[in-house]
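Reviewing the structure listed below.
Derivation of every value follows stated rules applied to the coordinates shown; laboratory data play no part. None of these values were measured; they are calculated from a predicted model. FYI the Cβ positions are ideal-geometry reconstructions off the backbone, even for glycines, and counts take in every protein chain you see.
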Amino acid sequence: MKFIKSLYLNNFFFYVLAGLIGLFVCAFIFPNIYNAVWFGVLVLITFLVLDILLLYLTKTGFEADRVTPEKLSNGDLNPITLVLKNHYTFPVSVKIIDEIPVQFQVRDFKLIKSVKASEQKEVGYDLRPTERGEYYFGYLNIYVSSPLRLISRRFTFNNEQMVPTYPSYIQLRKYDLLAFSNNLYQYGIKKIRRIGHTMEFEQIKEYVQGDDLRTINWKATAKKNALMVNQFQDEKSQSVYMAIDKGRVMQMPFDGLSLLDYAINSTLVLSNVILKKQDKAGLFSFSKKVENRVYAEKRGSQMQKILETLYNIKTDFFESDYSRLYVDIKKNINQRSLIILYTNFETMDGLNRQLPYLKGIAKSHLLVVVFFQNTELNSIINKKTDTIQEVYDKIIAEKFMFEKRLIVNELKKYGIHSVLTQPENLTLDAINKYLEIKARGIL
C-alpha cells in the first residue's frame, strides 16, 4: 500500500501511452502494423518495470531537509534553504513541493531541480511574512524521477514545523552600527543641526587637530603653555518611551504590512539605538486601554524583553482613547522623558479631538508625534489629468496632503515635535529625530 501511495506516473508516460493508443487505432485500419503496436506496448511495460526497480530497490534513495531561521523577520525577505541528498547511483530529476504556511496563500509552489549521483545540493527560496505570529510549515514533498522519467517516487520530510515571525530584527542589524555612529547621510536623511553643547563635562586634555576650537579652555592653556580643550561626554540614562497606537487608524496597509507593524518594526530598531546610546528604553501600546508595558531601563536583557513584548502585541483596532493615555502617562512616568508616539492623523478634525491630551503630555515630557504620509495620494497628485473626475480626485488629494502639513504646524505651535514620514522611511526618520534631539540637548 505504501508503495502505491508513493508511486506517480509522469507526463512522459502518458505521452507514450497516448501514442500507443493512437497506434492501436491505426492497427484496426492498417492490420500490417498490429505486431509493431504490441511490440511497443511490450517495450513500454519493460521500461516501466525497469524504472520502478531503479527507484524502489534502494530503500532510502533520497533525503531532504528544510532549514529555516530560528525566527522569521516580519516585512523582510527570509531565506529558506532545502538540503537535497541523492543516494542513488544515477542522476535524478527532482520536483519539490513545499507546503509553506497558509498565511502566504501560495498554492502553486514548485521547484524543479536535477541532482547528480551521490550529490548533496542546496536550493533555496525567500518568504516575506506580513504579520507577526506562528507560521506552520507542512510536509516537504520530493518527487524523484530516474533518467527514464516514466514514474516518480514521492518522499516526504519535515511535517508540522513551526517558525515564529518576530518584528523586523533584520532591520535592527542593518541600522545598528550606522545609527550608533550618528551617520545616516548615505540614506539621504537630512543633516542634523547641532546647537551648542549638550554634554556633561568629562576632562581637560591637550588640543589635537580636529577638536572644536570653541572648547578651548584658556585658563588651562595659560597654565600649561599649550592649547588645552574641554572634553565632554554625552548625557546618559535619559528615559525614552515608544507609545504605539494600535487603534483603527493604524490598520491601513502599505506594501502588505499594516502601519501598526511598521511602527512595531521601527520601535525595535530605535530601542536598540537608544540602549546603545546609554539611554533607557521603554514602550507601551494603547487603544481602549494602555497595555504591553515595558518600563524604561538599560539592562542587558532589555532588548529581549522589548522584542518579546512587541511580538505579543495584538489588537482589534478599536478607537484609541487618548484620555486614558494621558492619565496613564501622568500616573506612571514621573521623570521627564522623551515620548515618541506612533499614530496617524488624516485630518485636522482628527487632530483637534486629541490635541488637548497631547498638549497635556507635552507639559511634562518631550513629545514627538510620528505619523504617516498617504503615499497613494502622491500618485494621484502626480498623475496627468484628462477628465473632470481626475481633476476632482487630484484636488481632493492635494487637500489631504495640505492638511498633513497643517497638522505639523499645529503641533509645532504647542511645542510638540513631529515626524511626517512615508512608511518605508519610518525607521530612518525616527532614528534621525532621536539623534537630533540628543544632539540639540532639548530633553
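For segment 57-185, the percent of C-alpha pairs falling in each 10 Å distance bin, counted from 0 to the bin holding the largest distance, reads 12, 37, 25, 16, 8, 2, 0. Ranked by the mean number of other Cβ atoms within 10 Å of their residues, highest first, the peptides 371-379, 430-438 come out as 430-438, 371-379. For segment 142-147, 3J(HN,Hα) computed residue by residue from phi via the Karplus equation (6.51, -1.76, 1.60; θ = phi - 60°) reads 10, 10, 9, 10, 7, x Hz, glycine and proline entered as x.
The modelled label-to-label distance between F318 and E131, using points 7 Å beyond Cα along the C-beta direction, is 2.0 nm. Close amide-amide hydrogen proximity is noted between H417 and L367, V369, each under 5 Å apart and 5 or more residues distant or on a separate chain (H modeled in the peptide plane; Pro and chain starts excluded). Could you please state, rounded to a whole Å, how far the C-alpha centre of segment 316-359 is from the C-alpha centre of segment 240-273? After rounding, the separation between the Cα centres reads 15 Å. Here the calculated FRET efficiency for V123 and A220, from their Cβ-Cβ distance with R0 = 60 Å, stands at 0.35, rounded to the nearest 0.05. Amide H contacts of F254 (H built 1.01 Å from N, in plane; Pro and chain starts excluded): L259 sit under 5 Å, all sequence-distant by 5 or more or on other chains. Here the peptides 217-224, 203-210 are ranked by packing, the mean other Cβ count within 10 Å, and the order with the highest first is 217-224, 203-210.
Cα centroids of segment 41-95 and segment 106-120: 6 Å apart. Remark: segment 279-294, residue by residue, has Karplus-estimated 3J(HN,Hα) of 8, 9, 10, x, 7, 7, 10, 7, 8, 6, 8, 8, 8, 6, 7, 10 Hz, where x stands for each Gly or Pro and the curve is 6.51 cos²θ - 1.76 cosθ + 1.60 at θ = phi - 60°. Residues whose amide H comes within less than 5 Å of that of Y139, counting only those at least five positions distant or on another chain, are E99, E160 (H built at 1.01 Å from N in the peptide plane). In a DSSP loop and with at most 13 other Cβ atoms within 10 Å, the trypsin sites (Lys or Arg not before Pro) in segment 88-134 are R107, K110, K116. 3J(HN,Hα) along segment 310-317: 5, 4, 8, 5, 10, 8, 9, 6 Hz, from the Karplus curve 6.51 cos²θ - 1.76 cosθ + 1.60 with θ = phi - 60°, whole Hz, x for Gly and Pro.
Using the Cβ-Cβ distance between S93 and R173 with R0 set to 35 Å, the FRET efficiency works out to roughly 0.35. Using the Cβ-Cβ distance between L44 and K71 with R0 set to 45 Å, the FRET efficiency from 1/(1 + (r/R0)^6) comes to roughly 0.35. Full extension of the chain between S364 and V83 gives 95.4 nm of extra length, using 0.36 nm per residue less the Cα-Cα distance.
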